1. Round to the nearest 10 and report in Å² the accessible area of residue 38, as given by a 1.4 Å probe over the protein chains' heavy atoms.
2. Each residue of the stretch 56-72 in turn: what ³J(HN,Hα) in whole Hz from Karplus with 6.51, -1.76, 1.60 and θ = phi - 60°, glycine and Pro shown as x?
Amino acid sequence: MSDENWPSDSQGRPGGPHEHPALDAKPGFWDGKWTEFKRRFGASMKEQGCALIIAGLVLLVTLFGMQFFGWR
């Protein structure tokens, strides 16, 4: 029984394993983006003095979560 939806091997479908092209050796778009983001974010926090506010909020949320949600 042959399936009409699938081409047979005689219709140009290779019988062996499919080969894929090699990956590009050049760096991708996101390489180095995270490092640049952290550098710029840290610089802006130092300039604006918001680092202590954000650190305090993180501490507050962590303590609240540990007390009421059982985070450990």
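1. 110
2. x, 5, 4, 4, 4, 5, 5, 5, 4, x, 5, 6, 9, 10, x, 5, 9
The values are calculated or read from the model by the stated rules, or taken from the named source; none is laboratory data. Keep in mind that this is a model prediction, so the values were computed, not measured. Accessible surface is based on the protein model in full, side chains and every heavy atom, while ligands, DNA and RNA are left aside. Shrake-Rupley method; radii C 1.70, N 1.55, O 1.52, S 1.80 Å.
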